[in-house]
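Colleague: Handing you a structure now.
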Amino acid sequence: MKIHEYQARQLLADAGIPVPSGTMVSTVEAANDAAKSLFDSGATLLVVKAQVHAGGRGKAGFVKLCKTQEEVNEAASFMFGNKMVSVQTGPEGLDVTKVLIADGVDIASEYYLAITTDRTSGANALIASSEGGVDIETVAHETPDAIKTVRIDPLAGLQPYQAREMAFRVGFTGKQVGQATNIMLKMSTLVEETDASLAEINPLIVTPSCDTFPDGQVIAIDAKFDFDDNALFRHNNLQEMFDPSEENAVELEAAKFDLNFIALDGNIGCLVNGAGLAMATMDIIKMHGGSPANFLDVGGAATLETVTEAFKIILSDTKVEGVLVNIFGGIMRCDVIAEAIVAAAKEVSFTVPLVVRLEGTNVDAAREILEAAQQELPTMQTATDLEDAAAKVADAVATTCA
């Protein structure tokens, strides 16, 4: 589960990590009110930031620095009135329904800080870089030596000496070191307490020197958190942060029936049991000249209800011109699945080509059920194996399109 920046900043603040003050608003009028309050409190520079679950906001023009009330009004009006299009949104862009109005701060230097799972060791890792404020993927590609990593022991946690050493390695100096070390330790505790799969501060900045902070103050001015869905039952406060408007509506509907669904750009719908088999199915469809319209894993205990809903979800995509069902029955019996497929296909009223490949427990009985239903489902044909199924559905769709 992802959350918005304003929510991530609040988590950091609650953990004792310094962040500039700010307010989330959902209308231009509220943006003006928030800006007036901050200006009246002594702020001289504000930042207006679109709150969407995608990066590239700055380059897309959805992060604006404002020195006057009029500039805030103009920035908020633009963001609420236009879709944000960036490298992470695709050409269709995203609607902006929330905007953060926050104190702007002077920046002397920028850093990157994150904690996420190291897939090699299976433990969390602290990642830091002196190249903050830009896409970390670009840094990793162009200057990989600028990224420093330290493994966090899953039992002992991040140790103070590790955090302090990291602060020195990325270039903090003087009293900045103690501040950065403190932020890293608090961030590590926050990740552990919330079951976060990713916690990222980019940029973590140092302000110019002042009387209170002669070496500058270390502050988090942007943050991103992802959380392990399997652990959310332990965190009611995090569940409340979920924003369904930022998610694909069809994928949310699929989740209600325990279907793992991801929409793609092709025209052949896929209904498969097992994530690995689903990916192999999509690959073989591509090999035969087709293009998968989705990833859909019905899991290991598909029922009439789940199969019916899966068909409805697949066919709700107007691009779908054919459907491939690929089921391997292990614990799941093929004859039960065949009955569910037939009943669901009748209820949905198939008009596009449907290719069904079943293999595994009770497969002979399943094939008899499909053969008996052939007259009632004229667009359905069966396949002997996955290669045959992919070829048949790709050919059927190509013939229909022609």
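The values are calculated or read from the model by the stated rules, or taken from the named source; none is laboratory data. Keep in mind the model is a prediction, meaning the values are calculated, not measured. Here the Cβ is made from the backbone with ideal geometry for all residues, glycine too, and neighbour counts use every protein chain on show.
Colleague: Of everything in segment 379-391, what is within 21 Å of K346 (Cα to Cα) and assigned to a helix (DSSP H, G or I)? Give them in sequence order.
Modeller: We begin by selecting, within segment 379-391, every residue within 21 Å of K346 (Cα to Cα); these are 379-383, 389.
The answer is A389, and nothing else.
Colleague: Looking at A75, A35, A30, A54, can you tell me which residue is outside the structural domain of L204 (by TED's automatic domain parsing) and touching a Lys or Arg at 6+ places or on another chain (Cβ under 6 Å)?
Modeller: On the way: A35 fails: touching a Lys or Arg at 6+ places or on another chain (Cβ under 6 Å); A30 fails: touching a Lys or Arg at 6+ places or on another chain (Cβ under 6 Å); A54 fails: touching a Lys or Arg at 6+ places or on another chain (Cβ under 6 Å).
Only one candidate passes the filter, namely A75.
Colleague: Of (1) touching a helix residue (DSSP H, G or I) at 6+ places or on another chain (Cβ under 9 Å); (2) closer than 27 Å to E192 by Cβ, N236 satisfies all except one. Which?
Modeller: (1)
Colleague: One residue is enough: does segment 323-342 have a residue meeting the conditions assigned by TED's automatic domain parsing to the domain that holds P378, polar (S, T, N, Q) and assigned to a loop (DSSP other than H, G, I, E, B)?
Modeller: Step one: list which residues in segment 323-342 are assigned by TED's automatic domain parsing to the domain that holds P378, which gives 323-342.
Those left that are additionally polar (S, T, N, Q): 326.
Narrowing further to those that are assigned to a loop (DSSP other than H, G, I, E, B): none.
Looking for residues that are assigned by TED's automatic domain parsing to the domain that holds P378, polar (S, T, N, Q) and assigned to a loop (DSSP other than H, G, I, E, B), one finds none in segment 323-342, hence no.
Colleague: Here's another thing I want to ask about it. Taking N248 as meeting all but one of (1) closer than 16 Å to A125 by Cα; (2) in contact with a Phe, Trp or Tyr (Cβ under 9 Å, 6 or more places away or on another chain), write down the number of the exception.
Modeller: (1)
Colleague: All but one of (1) crowded, with 19+ Cβ neighbours inside 10 Å; (2) within 21 Å of N294 (Cβ to Cβ) hold for D317; which doesn't?
Modeller: D317 satisfies all of (1) crowded, with 19+ Cβ neighbours inside 10 Å; (2) within 21 Å of N294 (Cβ to Cβ) except (1).
Colleague: A follow-up question, please. Looking at E309, E347, can you tell me which residue is part of a helix (DSSP H, G or I) and either surrounded by 17 or more Cβ atoms within 10 Å (Cβ to Cβ) or outside the structural domain of D283 (by TED's automatic domain parsing) (or both)? Steps first, answer last, please.
Modeller: Numbers: E347 fails: either surrounded by 17 or more Cβ atoms within 10 Å (Cβ to Cβ) or outside the structural domain of D283 (by TED's automatic domain parsing) (or both).
The conditions single out E309.
Colleague: What number of residues within segment 263-293 satisfy the criterion of being surrounded by fewer than 15 Cβ atoms within 10 Å (Cβ to Cβ) and either assigned by TED's automatic domain parsing to the domain that holds G93 or touching a residue at least 60 places away in the same chain (Cβ under 8 Å) (or both)?
Modeller: 2
Colleague: Residues of segment 37-53 being surrounded by 20 or more Cβ atoms within 10 Å (Cβ to Cβ) and part of a helix (DSSP H, G or I), which ones?
Modeller: Correct list: L38 only.
Colleague: Moving on. Out of A398, A373, A390, A394, which single residue is surrounded by fewer than 19 Cβ atoms within 10 Å (Cβ to Cβ), farther than 15 Å from A343 by Cα and either aliphatic (A, V, I, L, M) or not assigned by TED's automatic domain parsing to the domain that holds D283 (or both)?
Modeller: Unique residue meeting the criteria: A398.
Colleague: Do any helices (runs of 4 or more DSSP H) entirely within segment 154-262 hold 3 or more residues that are within 30 Å of P292 (Cβ to Cβ) and in contact (Cβ under 8 Å) with a residue 12 or more places away in the chain, and if so, which? Before you say what the answer is, go through the steps one by one.
Modeller: Details: elements: 160-169, 176-194, 236-239, 249-255.
Ranges flagged: 249-255.
Colleague: Please specify each residue of segment 164-204 satisfying the condition of being touching a strand residue (DSSP E or B) at 6+ places or on another chain (Cβ under 7 Å), of a type in the set (A, V, I, L, M, F, W, C) and either within 26 Å of P214 (Cβ to Cβ) or not assigned by TED's automatic domain parsing to the domain that holds N237 (or both). Explain how you work it out, then say what you get.
Modeller: So the first thing to find is which residues in segment 164-204 are touching a strand residue (DSSP E or B) at 6+ places or on another chain (Cβ under 7 Å), and the list is 166, 169-170, 176, 179-180, 183-184, 187-188, 190-192, 194-204.
Now narrow it down to the ones that are of a type in the set (A, V, I, L, M, F, W, C): 166, 170, 180, 183-184, 187, 190-191, 196, 198-199, 201, 204.
Correct list: M166, V170, A180, I183, M184, M187, I201, L204.
Colleague: What is the one condition in (1) at pLDDT below 95; (2) closer than 30 Å to V177 by Cα; (3) crowded, with 18+ Cβ neighbours inside 10 Å that I201 does not satisfy?
Modeller: (1)
Colleague: Take segment 294-339 and flag every residue that is of a type outside the set (A, V, I, L, M, F, W, C), closer than 20 Å to E376 by Cα and free of Cβ contacts under 8 Å to residues at least 40 places away in the same chain.
Modeller: Selection gives K312, D335, E339.
Colleague: In segment 216-246, which residue that is among the acidic types (D, E) and closer than 27 Å to V134 by Cβ is modelled with the highest pLDDT?
Modeller: Filtering segment 216-246 for residues among the acidic types (D, E) gives 222, 226, 228-229, 240, 243, 246.
Of the ones still in play, those that are also closer than 27 Å to V134 by Cβ are 222, 226, 243, 246.
Details: D222: 92, D226: 95, D243: 88, E246: 79.
Filtering segment 216-246 for residues that are among the acidic types (D, E) and closer than 27 Å to V134 by Cβ, the one modelled with the highest pLDDT comes out as D226.
Colleague: Looking only at segment 77-134, which residues are in contact with a Leu (Cβ under 7 Å, 6 or more places away or on another chain) and without any contact (Cβ under 8 Å) to a residue 40 or more places away in the chain?
Modeller: Selection gives K83, M84.
Colleague: Within segment 320-336, take every residue that is among the β-branched types (V, I, T), more than 17 Å from I262 (Cβ to Cβ) and crowded, with 16+ Cβ neighbours inside 10 Å and give me the one that is modelled with the highest pLDDT. Write out each step before concluding.
Modeller: Initial filter on segment 320-336 (among the β-branched types (V, I, T)): 320, 323, 325, 327, 331, 336.
From what's left, more than 17 Å from I262 (Cβ to Cβ): 325, 327, 331, 336.
Filter once more, keeping what is crowded, with 16+ Cβ neighbours inside 10 Å: 325, 327, 336.
Details: V325: 93, I327: 89, V336: 83.
Of everything passing the filter in segment 320-336, V325 is modelled with the highest pLDDT.
Colleague: Inspect all residues belonging to segment 51-59 and state whether any of them is farther than 22 Å from G133 by Cα and in contact (Cβ under 8 Å) with a residue 24 or more places away in the chain. If you could, list the steps in order and put the result at the bottom.
Modeller: Step one: list which residues in segment 51-59 are farther than 22 Å from G133 by Cα, which gives none.
No, that holds for no residue.
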